[in-house]
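The structure appears right after this line, and notes come after that.
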Amino acid sequence: MTARTNIALGALLAGGIFLALLLGSVALAPGAVLGALALGGEAGDVLVVWQIRLPRALAAAMVGAALGMSGAALQGLLRNPLAEPGILGVSATAALFATFVLFFGLAGTGPLVLPLAAVAGALAATVLVGIAALRARSAVTLILVGIGLSSFSAALMALLMNLAPNPFTLADMINWTLGTVANRSFADLAHAAPFFVLGVAVLLASRRGLAALTLGEEAAEGIGLDLRRQRLAVILGAGLATGAAVSLAGAIGFVGIVAPHLVRPLVGHDPARLLVPSALLGALVLVLADIGVRLLPTDAELRLGVVAALVGAPVFAWIAARGGLSR
Amino acid sequence: MSVLEARGLSFEAGGRRLVAGASFRLAPGTLTMLIGPNGSGKSSLLRLALGLLPPSAGSATIDGAEVRSLSPAARARKVAYLPQTRPLAWPVPVRDVIALGRFAHGVAPGRLAADDARAVARAIAACRLAGLEDRAADTLSGGELARVHLARALAAEAPLLVADEPVAALDPLYQHEVAALFARAARAGHGVLTVMHDLALAARYADRLLWMKDGAIVADGTVEDTMTPARLADVFGVAARIDRSADGLALAVTGPA
């Protein structure tokens, strides 16, 4: 069941990425795209595919996968379907740290400065949320802590915008807050990839413990789970993956809620088996949303994060209203 | 077969002494029941004995090894622990909950080796859960869920079994079935320790009783030796009539002492 779900989602994701190569301001024929992928065909097509559309689609996929898997892992750890990097303030804090680096012009000092700042922000926020979760032991408190963290990051972000020295910096920061994968290059992907791979590896290595946590923390310890190590692994893995996502695309919310929520019934609600399909679906959702963003005939291109929030926020409210917070 | 030994376990929280110098030995082949009024420190004592709480004094060992020095998985392979039932975080199927009992053997739900699958099947049969394997855990009655948790603990097939009020939500029939199941596990050589609120059930099934009051173990012995009207009045504050007959000891609580 799980394997079939993963294969189906993987195939859909590959199809989605191929579709992203076909569609755009100028639609390319499938033959032309395949030719360009093989570095043959017209030079213009090769340029469009390799320089513009492929890195952009892969960036959307990586961001969606990171957020989908981080959301699923945090939900398993905190035993709450509403836990998600966006809701818990992890994305906002990562975006704040990244913006900080941009504001002071530090991003130019090295290609890894921006991803490192985003990862540091994400880790700081996950650690804070983790500590709050340990103390509060209540889902509502936890979500409120996340909202507080989000609001504080947003306030500091607003402060930076307020003090922005010129319109270009301001525009940069707005992009970061809204979330977009426009104009991403393979170099950007390469700089975020190590953090993404490490985060995903840590989460996958610790996923068995998430199944144990279904029983509650005491019984999970009883059946042999090392609770401290489990918490640390999820916080570290989710922080790394979310940081990588934010360093690529800025703050994009709700993917981490919607993707796990949709695939959970397909894997028997097992939080361990949920990680991979959540990542695949998160990737698929953002790749498709980004195609939509590029095709919509608006004067200014819609930001991916705006579309994600427009779809995701009502879903969040719906899950919460159905009692997701009561656990 | 393994032996769990607690020596002088004490625990304080918020300046209050919850467990005071409790010692006992959980030997193979006996069903020991821990009885005492609410708040007498029974659950805390179980957690201390399993190394899930750090004692402020004393120590607990399994086969001579400090429990706190064992890895969680190594400890779980020696002793299965069934805490008071809490709702599950996700509506996972019954089969997956029970499979989690094999967690310390490296099992994840959906990935069971033949040995693990057999242990799970035996636990399902023992707890009479056949036919419920594919039901989501949130559609079960309280009693069914309690039996699923019990099956999960039995699936571990650990030499020791420690349970905290395993029959609390059960019908009388299942209470007796569960108590008989524990007695059977003890006959088979397991060391079984369970907190029990139902004194009649304790009198009927326990090989040994640990009486707990205000964090201390005030009596430790067979039902015959320790269950007296005076002790029931002292520990529980109840007046009781005890009838000894051919098939054991029958207890009737008649009112407050």
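The values are calculated or read from the model by the stated rules, or taken from the named source; none is laboratory data. This one's a predicted model, so the numbers in the text were calculated from it and none came from an experiment. Methodologically, a virtual Cβ is constructed for each residue, glycine included, from the backbone with ideal geometry; neighbour enumeration extends over all protein chains shown. Areas reflect the complete protein model, heavy atoms only, side chains present, ligands, DNA and RNA absent. Shrake-Rupley method; radii C 1.70, N 1.55, O 1.52, S 1.80 Å.
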Task: Nearest 10 degrees, 0 to 90: helix B:142-155 Cα axis against chain B principal axis - done: 80 degrees
Open item on the list: In region A:81-108, whose amide N lies under 15 Å from the spot 7 Å out along Cα-to-Cβ of A:L163? List them in ranges.
Closed with: A:96-106
- [ ] Enter the Cα centre distance for the pair region A:131-178 and region A:28-67, rounded to the nearest angstrom.
- [x] 33 Å
Task: Amide H within-cut-off set for B:V238, under 5 Å, with H built and near neighbours excluded - done: B:A233, B:A257
Open item on the list: Which of rounded, prolate or oblate describes region A:181-327 when judged by the alpha-carbon gyration tensor and an a/c cut-off of 1.5?
Closed with: oblate
- [ ] Mind jotting down the distance between the C-alpha centroids of region A:274-327 and region B:38-106, whole Å?
- [x] 40 Å
Open item on the list: Amide H of B:A57 versus every other amide H placed in the peptide plane: which residues, excluding those fewer than 5 positions away on the same chain, fall under 5 Å?
Closed with: B:S10
Task: Average accessible surface area per residue within the protein assembly as shown, 1.4 Å rolling probe, Å² - done: 41 Å²
Open item on the list: Explain nothing, just the number: dipole magnitude of the protein assembly as shown about its Cα centre with +1 on each Lys and Arg Cβ and -1 on each Asp and Glu Cβ, in debye rounded to the nearest 20.
Closed with: 460 debye
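In terms of the Cα gyration tensor, with a ≥ b ≥ c the square roots of its eigenvalues, is region A:54-324 rounded because a/c is under 1.5, prolate because a/b exceeds b/c, or oblate?
Cα axes put region A:54-324 in the prolate bin.
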- [ ] Would you mind getting me the FRET efficiency between A:W50 and A:R322? Use the beta-carbon distance for r and R0 = 60 Å, nearest 0.05.
- [x] 0.85
- [ ] Quick one: angle between helix A:227-249 and the longest Cα principal axis of chain A, in degrees between 0 and 90, rounded to 10, please.
- [x] 20 degrees
Task: Rough spin-label spacing in nm, given labels placed 7 Å along Cα→Cβ, for B:R16 and A:L198 - done: 4.6 nm
Open item on the list: Under a Cβ-only charge scheme (Lys and Arg +1, Asp and Glu -1), can you give me the dipole magnitude of chain A about the Cα centre, in debye to the nearest 20?
Closed with: 760 debye
- [ ] Would you compute, from DSSP H runs of 4+ residues alone, the mean residue ellipticity of chain B at 222 nm, taking -39500 (n - 2.57) per run and dividing by the full residue count, rounded to the nearest 500?
- [x] -9500 deg cm²/dmol
Open item on the list: Tell me the mean residue ellipticity at 222 nm calculated for chain A from its helices only (DSSP H runs of n ≥ 4, each -39500 (n - 2.57), averaged over every residue, nearest 500).
Closed with: -23500 deg cm²/dmol
Task: HN-Hα J in Hz across region B:159-174 - Karplus 6.51, -1.76, 1.60, θ = phi - 60°, x for Gly and Pro - done: x, 10, 9, 10, 10, 10, 6, x, 10, 4, 9, 9, 5, x, 4, 6
Open item on the list: Residues of region B:100-145 losing 30 Å² or more of accessible surface, assembly versus chain alone, probe 1.4 Å, please list them.
Closed with: B:L100, B:F103, B:P109
TODO: Taking the dipole about the Cα centre of chain A, with the C-beta of Lys and Arg at +1 and of Asp and Glu at -1, give me whichever of A:L34, A:A279, A:L47 is farthest to the positive side.
DONE: A:A279
Open item on the list: For region B:162-238 and region A:229-247, what is the centre-to-centre distance using only Cα atoms, to the nearest Å?
Closed with: 46 Å
- [ ] Could you state the angle between the C-alpha long axis of helix A:275-295 and the longest principal axis of the C-alpha atoms of chain A, as a value from 0 to 90 degrees rounded to the nearest 10?
- [x] 40 degrees
Open item on the list: What distance in nm lies between label points placed 7 Å from Cα along the C-beta direction at B:A74 and B:D225?
Closed with: 3.4 nm
